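The values are calculated or read from the model by the stated rules, or taken from the named source; none is laboratory data. None of these values were measured; they are calculated from a predicted model. FYI the Cβ positions are ideal-geometry reconstructions off the backbone, even for glycines, and counts take in every protein chain you see. Heavy atoms of the whole protein, side chains included, go into the accessibility calculation; ligands, DNA and RNA do not. Shrake-Rupley method; radii C 1.70, N 1.55, O 1.52, S 1.80 Å.
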Amino acid sequence: MAATEQGSDELSLAGPNKNELESIEIELLLTGIHRLYGYDFRNYALPSIKRRIWHHVHAENLPSISALQEKVLHDRTCFERLIYSLSIPVTEMFRDPGLFLTFRQKVVPLLRTYPYIRIWHAGCSTGEEVYSMAILLQEEGLYEKARIYATDMNNRSLQQAKEGVYEISKMKQYTKNYLEAGGKHAFSKYYTAKYNSVIFQPDLRKNIIFAEHNLATDTSFNEFNVIFCRNVMIYFNDELRDHVHGLFCESLSRFGVLVLGAKESIHFTRYSDCYEPLDRVEKIYRKVK
């Protein structure tokens, strides 16, 4: 009996296993970030957030997540680098051209009936999707009566979006996407090339409002006719995803349009019966109640 009890004591003193320790470190890091800086990543999907945290641990040449926590809590510049790493922007102009073509065909006719149009791009990243919408609205004669609200929690990404400057090497793919999305002109008319970069025309920005907004913690700030939130909620757990769908449902006007990413859906949420599909393939939904 004594030997068994001794063995049990040795096991209890051994501490948590590697996976348990890692989970504790992640929980402490995210709680510290939320309490000190107000950014809430606690309900992000664990596999995704864990992968990005470890990527940043290595990028900072640190030995552990605990070491990253110490540095983040004492060095705001390190925190800002981590925020950018946790919200790595993956976007391009007219990404998924079929979606924008369908938007022209099925949503634009609805927008023509409105005296004023408000569109929210939630999680706008570096702005490519926002400029795509501005171009589309210009070509459809709707831009002058529209306001586009482009929000993200990442200030670094927002700054690039405000400037509208992108690598010239991407223009070949962006031009292809634009044409497949039903573009009506030469894509080059919308930007000026200089050295290895292009800058989009200032008149595309005049009706765009860029602002910081965190979907996890911030509330609704206006009523919208269209909300784009594509490939953002795939990184959320069920609780946060349901919270954001509630935010969007509250923010959309009656018969407002919600556009989601290819791997996202309104189904299996508490708000699924508030919408009807305008296009199931492209994940375009209209709020009906």
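Overview of values
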quantity	calculated
Spread of Cα-to-Cα distances over 5 Å intervals beginning at zero, given as percent, for segment 20-176	2, 8, 15, 17, 14, 12, 10, 9, 7, 4, 2, 0
For segment 51-135, with +1 on Lys and Arg beta carbons and -1 on Asp and Glu, the positive-most of 119, 72, 62 along the dipole	119
Of the chymotrypsin sites (Phe, Trp or Tyr not before Pro) in segment 66-167, those whose Cβ has at most 10 other Cβ within 10 Å and which sit in DSSP loop	116
Projected label distance in nm at residue 276 and residue 144, using a 7 Å step from Cα toward the beta-carbon	3.3
Separation of alpha-carbon centers, segment 48-116 and segment 206-275, rounded to whole Å	16
Portion, in percent, of the accessible area of segment 19-87 that falls on carbon or sulfur, probe 1.4 Å	52
Protein accessible area in segment 132-289, 1.4 Å probe - carbon and sulfur %	49
Crossing angle, helix 46-59 versus the chain [Cα axis fit, 0-90 degrees, rounded to tens]	80
Above-threshold pairs, the threshold being 26 Å between Cα atoms, out of 184/206; 184/283; 50/263; 50/176; 162/289; 145/170	50/176; 162/289; 145/170
Value of Rg/Rh across segment 171-229 [Cα atoms, Kirkwood radius]	1.07
Semi-axis lengths, Å, segment 19-87, gyration tensor of Cα atoms, sqrt of 5 times eigenvalues	15, 14, 12
Calculated on alpha-carbon atoms, Rg and Dmax of segment 102-173 in Å	13.4, 39
Expected-Rg normalisation [2.2 N^0.38 Å, Cα atoms] applied to segment 86-223	1.02
Cα Rg over Rh - segment 175-289, Kirkwood	1.04
Local electrostatic count at residue 194 - Lys and Arg +1, Asp and Glu -1, tallied over other residues with Cβ under 13 Å	-2
Estimated vicinal HN-Hα couplings, Hz - segment 279-287 in sequence order (Karplus 6.51, -1.76, 1.60; Gly, Pro = x)	7, 5, 5, 8, 6, 10, 10, 10, 6
Check: the chain dipole with +1 on Lys, Arg Cβ and -1 on Asp, Glu Cβ, in debye	1560
Heavy-atom SASA rank of 248, 268 (probe 1.4 Å, accessible area, largest first)	268, 248
Ellipsoid semi-axes in whole angstrom, largest first, where each is sqrt(5λ) of the Cα gyration tensor of segment 211-275	16, 15, 11
Cα pair count fraction exceeding 31 Å, expressed as % - the chain	37
Per DSSP, loop trypsin sites (Lys or Arg not before Pro) in segment 70-159 with at most 12 further Cβ within 10 Å	112
Accessible area per residue in Å² at 1.4 Å probe, computed on the chain	50
Charge dipole (debye, nearest 20) of segment 145-289; +1 at Cβ of Lys and Arg, -1 at Cβ of Asp and Glu	700
